1. Is it fair to say Lys78 is within 24 Å of Ile220 (Cβ to Cβ), assigned by the TED database to the domain that holds Gly10 and open to solvent by 30 Å² or more (accessible area, probe 1.4 Å)?
2. Spot the failing condition for Arg213; the list is (1) out of contact with any strand residue (DSSP E or B) (no Cβ under 8 Å at 6 or more places or on another chain); (2) farther than 23 Å from Ile30 by Cβ; (3) open to solvent by 10 Å² or more (accessible area, probe 1.4 Å); (4) at pLDDT 95 or above, and only one is missed.
3. May I ask you to list the residues in the range 268-290 that are in a loop (DSSP other than H, G, I, E, B) and open to solvent by 90 Å² or more (accessible area, probe 1.4 Å)?
4. Could you list all residues from the range 216-230 that are open to solvent by 60 Å² or more (accessible area, probe 1.4 Å) and either within 12 Å of Leu204 (Cα to Cα) or of a type in the set (Val, Ile, Thr) (or both)?
5. Return the residues of the range 320-336 that are touching a Gly at 6+ places or on another chain (Cβ under 8 Å), part of a loop (DSSP other than H, G, I, E, B) and of a type outside the set (Ser, Thr, Tyr); say none if nothing qualifies.
6. Restricting the search to the range 24-54, which residues are part of a strand (DSSP E or B) and either of a type in the set (Val, Ile, Thr) or open to solvent by 10 Å² or more (accessible area, probe 1.4 Å) (or both)?
7. Can Leu67 be described as under 29 Å from Tyr249 (Cα atoms) and modelled with pLDDT of 95 or more?
Amino acid sequence: MRALGIILAGGNSNKLGDLSAKRAVAAMPITGSYRAIDFALSNMTNSHIQKVAVFTQYNTRSLNEHLNSSKWWDFGRKQGGLFIFTPTITAANSYWYKGTADALYQNIKFLKESHEPYVVIASGDGIYKLDYNKVLEEHISNGADITVVCKDMAPGEDDINRFGVVKMNDDGRIIDFEEKPLVAGTNTVSIGVYVIRRRQLIELLETCANEGRNDFVRDILVRYKGVKRIYGYKMDTYWRNIGTKESYYRANMDFLKKDVRDFFFKQHPDIYSRVDDLPPAKYNADAVVNNSLIASGCIINGTVENSVIFKKVYIGNNCVIRNSIILNDVNIGDNSIIENCIVESRDTLRANTVHQGTPEDIKVIVEKNFRYAL
């Protein structure tokens, strides 16, 4: 593909609460064995994009560990590769990234030294499959300056007001773009994926820097909507942003549906992730599991219903886990009841613990008890 890939993975979200206190949103665990950024990286490699840059900033430790080898997404090659850019103090700059446009500008040398004519910019917090080649083909056929990938949201599917909302004419050109409006005029939202010619991106970034502007959406897409030819590309397959506690919970629960699992894991192309060397899940004599995803390395002794259990989780005797997400390396003591909850990774819940949320208010559990006693 004639494009350079960029994944913006430096964002943090206060709406995820304690879940984003220790990791970037792009590093949030998804469906047992994956992380959110795996979907954007897989889309890149499946679209034959051979050179990808990931821009990180907040809570990057777990994200950097996940990206420590590019071989999982087939970026380990002589030409191209996977590049990680974090904020760097230099003689000319001592600031963190002040926005998405500023992050790109601080690394503009990477853009200038690349040779691909187009750039695909993607967010690292979206759960979706997309062939970027199709977006690029439509971008070229429309003679567009920028193409924004959009999706029509069904009523109640998500809080539309937390996204960029676009209005398009009959030709697909975007005539209005509002970033996180108080009242949305349409149900068409930007999913945070853009295609733009590399040289034009460099020009726009240099203009923004000279004017003290830092945000790609507000200072480029919104500001230039009447000047540049900005078109929308509508996708009609599954997409979900995990920027809130509710959307993160719902995204994981969606994978309990057979059609969603088949779309991501049985239909070509595949979704790739870093693989840990773990044994298969072990189900002891009293284990009862219904409609749940159980990842490798788990030991199940109790009842698990309608839940997603991540790697290396121990569930004790007579436990009941229902409608919940248990993140990596959690130890749940005997006779515990967890319902409508998200349990943070590496937690230890003592025996006889009871945590119950509601479908309308999912409870996040963070308990750092001593797991072993001498």
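The values are calculated or read from the model by the stated rules, or taken from the named source; none is laboratory data. Model, not experiment: these values are computed from the prediction. FYI the Cβ positions are ideal-geometry reconstructions off the backbone, even for glycines, and counts take in every protein chain you see. Note: accessible area is taken over every heavy atom of the protein model, side chains too, but ligands, DNA and RNA are not part of it. Shrake-Rupley method; radii C 1.70, N 1.55, O 1.52, S 1.80 Å.
1. Taking the combined requirement at face value, the residue does not satisfy it.
2. Tallying (1) out of contact with any strand residue (DSSP E or B) (no Cβ under 8 Å at 6 or more places or on another chain); (2) farther than 23 Å from Ile30 by Cβ; (3) open to solvent by 10 Å² or more (accessible area, probe 1.4 Å); (4) at pLDDT 95 or above, Arg213 fails exactly one: (4).
3. From the range 268-290, those in a loop (DSSP other than H, G, I, E, B) are 268-281, 284-287; that's our starting set.
The answer is His268, Val275, Asp277, Pro280, Ala285, Asp286.
4. Hits for the range 216-230 are Arg223, Val227.
5. Gly333, Asp334, Asn335
6. Those that are part of a strand (DSSP E or B) and either of a type in the set (Val, Ile, Thr) or open to solvent by 10 Å² or more (accessible area, probe 1.4 Å) (or both): Ile30, Tyr34, Arg35, Lys51, Val52, Val54.
7. For Leu67, the condition - under 29 Å from Tyr249 (Cα atoms) and modelled with pLDDT of 95 or more - is not met.
Yes or no, residue by residue, for (1) at pLDDT 95 or above; (2) assigned to a loop (DSSP other than H, G, I, E, B); (3) in the same structural domain as Ser69 (by the TED database); (4) within 20 Å of Tyr249 (Cα to Cα):
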| position | (1), (2), (3), (4) |
| --- | --- |
| Val304 | yes, no, no, yes |
| Lys312 | yes, yes, no, yes |
| Asn317 | yes, yes, no, no |
| Ile338 | yes, no, no, yes |
| Ile342 | yes, no, no, yes |
| Arg346 | no, yes, no, yes |
| Ala351 | no, yes, no, no |
| Arg371 | no, yes, no, no |
| Leu374 | no, yes, no, no |
